[in-house]
Amino acid sequence: MPTAPRFVRARRALVAVLLSGALLSTTAACGDDSQSMATTADEHATPSASASFEKQKLAKTRFVANAGLAAGATYQWIVKPYRAGKFKKGADGRTFALVKAGLAGAFTYNRLKAAVNNAKGDPLLSKAVAPLSAGIESLKGLGTKLRKGDATDGDVGAFEGVINSVKEAGKSAGAEVVDKVPSASQLSGG
């Protein structure tokens, strides 16, 4: 009988390792491809007032999309389960909730970095978002901390605070961010 709990723990550990490996191998795939698209567009476009306007419009649109995905992932898989007590030891479905939170943390960091990069295409948005870079950088290791179950109220609050700051910055620059929950394949980088 003592082998059954060991088997369950081993199986859970294996699932966590596999999902972590999938996260690490696909995080690079979640990278921002707008830079390569912008480079291609810049090489073939002739400078004009309308091209500059379109570039700024696309910068805001991409910013809103990336920041919205980050906000949706944070709320759906970090804040909401944390408030529901899913991360506490002994909670039903804790391991799965922690793995999803770890993936969501890495996804959120990645999308926020892409949003900041997108904001550089619009002068007003760039000014509004620039002070948030340090806060976004502070989220870098929190995905791992969530996955391991070491997250505290302060860590979850950090995600929530940065997301709210990004939303406010976007709103002040005319790029209102609305939460958009990413699909499981987006979250895992597939």
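Quick notes on this structure:
- Index of the failed condition, Ala84 passing every other in (1) more than 16 Å from Asp179 (Cβ to Cβ); (2) touching a residue at least 12 places away in the same chain (Cβ under 8 Å); (3) among the small types (Gly, Ala, Ser): (2)
- Residue pairs whose Cβ atoms lie under 7 Å apart, sitting 6 or more positions apart in sequence or on different chains, and linking a residue in segment 130-142 that is of a type in the set (Ser, Thr, Tyr) to a partner that is open to solvent by 60 Å² or more (accessible area, probe 1.4 Å), do not occur here.
- Qualifying residue in segment 183-190 (condition: touching a residue at least 60 places away in the same chain (Cβ under 8 Å), within 30 Å of Lys60 (Cβ to Cβ) and hydroxyl-bearing (Ser, Thr, Tyr)): yes
- Among residues of segment 56-107, those that are among the hydroxyl-bearing types (Ser, Thr, Tyr) and under 19 Å from Lys171 (Cα atoms), counted: 3
Per-residue answers, yes or no, for (1) basic (Lys, Arg); (2) touching a residue at least 24 places away in the same chain (Cβ under 8 Å); (3) closer than 21 Å to Thr61 by Cβ:
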{"site": "Lys100", "(1), (2), (3)": "yes, yes, no"}
{"site": "Leu103", "(1), (2), (3)": "no, yes, no"}
{"site": "Ala115", "(1), (2), (3)": "no, yes, yes"}
{"site": "Leu124", "(1), (2), (3)": "no, yes, yes"}
{"site": "Lys127", "(1), (2), (3)": "yes, yes, yes"}
{"site": "Lys167", "(1), (2), (3)": "yes, yes, yes"}
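- Subset of segment 151-185 that is of a type in the set (Val, Ile, Thr) and in a helix (DSSP H, G or I) - its residue that is surrounded by the fewest Cβ atoms within 10 Å (Cβ to Cβ): Val156
- Some residue of segment 36-48 being open to solvent by less than 40 Å² (accessible area, probe 1.4 Å) and modelled with pLDDT under 90: yes
The values are calculated or read from the model by the stated rules, or taken from the named source; none is laboratory data. From a predicted model like this one, the values you see are computed outputs, not experimental measurements. So basically every Cβ, Gly included, is an ideal-geometry build from the backbone, and we count neighbours across all protein chains shown. Note: accessible area is taken over every heavy atom of the protein model, side chains too, but ligands, DNA and RNA are not part of it. Shrake-Rupley method; radii C 1.70, N 1.55, O 1.52, S 1.80 Å.
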